[in-house]
1. Taking the Cα centre of the stretch 4-209 as the origin, how large is its charge dipole in debye, to the nearest 20, when only Lys and Arg (+1) and Asp and Glu (-1) carry charge on their Cβ atoms?
2. If I take R0 = 41 Å and measure r between the Cβ atoms of Gln86 and Arg141 in this structure, what FRET efficiency does the formula 1/(1 + (r/R0)^6) give, to the nearest 0.05?
3. Which of Gly79, Leu61, Gly131 sits farthest toward the positive end of the charge dipole of the chain, with +1 on the Cβ of Lys and Arg and -1 on the Cβ of Asp and Glu?
4. For the ranges 144-156, 92-104, what's the packing order if you count other beta-carbon atoms within 10 Å of each residue, average per peptide, and put the highest first?
5. Taking only C-alpha pairs under 8 Å that are 6+ residues apart, what is the relative contact order of the stretch 4-209 in percent?
6. When you count, for each residue, the other Cβ atoms within 10 Å and take the mean per peptide, how do 199-212, 42-55, 21-34, 177-190 rank with the highest first?
7. Can you pull the Rg over Rh of the chain, Cα-only, Kirkwood?
8. If each residue of separation counts as 0.36 nm, what is the full-extension length gain between Arg23 and Glu54 once their alpha-carbon separation is subtracted?
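Please treat every number below as a calculation from the coordinates, not as lab data. Everything numeric here is computed off the predicted structure, so don't read it as measured data. Neighbour counts are summed over all protein chains in view; Cβ atoms, including those assigned to glycine, are modelled from backbone coordinates with ideal geometry.
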Amino acid sequence: MVTWDELFRRGEFAVREPTWAVRRFAALLAERNVRRVLDLGCGAGRHVLFLAREGFEVHGLDSSAEALRICRERLREAGLRTPLVQADMRRIPYPDGTFDAVLAIASLYHGTLADIRRTLAEVRRVLVPGGLALLEFKSVRSFRYGKGVELEPNTYIPDIGEDAGIPHHYSDRAEVEALLVGFHILEINHMERIFEGQRRSGRWEVWAERPP
């Protein structure tokens, strides 16, 4: 299998603009006077930089040393400083209740179903009661679903796409809701991107809250 370090060295994730969902999330965080945010699977740092510019105390976590190197370089170019940690998102190296909010964009679903469950338990643990989470899950309504090497039901290593070689777990809405049984779901949306005029890549965008 390919590694995340290899993908980042190839420049596969050069995009710098934050997603619209993260812009909306930041507006909600500002409205609630949230300050401390964890970007889980921060990659090259597009959301770390955006949130830091917006005045949040943002922490970035990623398993890839190369991704964090790029992120540090971008922060330095922007004149910003923020904590970055190399770690496995299934074992977040922060105490209970450290963060007011957590976001996991294009990161949570890269593993098995058991990996996702462990990561979500960690997200809940590091959130304060009433803390917010913005989470993405890969949808079964995606053109790569069922393609590549099958690791387990609904988990595949795709052989096409910018992140080919990295495990992907695909969920339907019922599974997403079951995975988030320890959270209060505020909003759940199915989002799609169209590739080459016909191929659909779907994802679940979930806004959730740790119960007080």
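1. 360 debye
2. 0.80
3. Gly79
4. 92-104, 144-156
5. 17 percent
6. Numbers: 199-212: 17.9, 42-55: 22.2, 21-34: 15.8, 177-190: 14.2.
Going from most to least packed, we get 42-55, 199-212, 21-34, 177-190.
7. Numbers: Rg = 16.3 Å, Rh = 17.4 Å.
On the Cα set of the chain, Rg over Rh gives 0.94.
8. 10.2 nm
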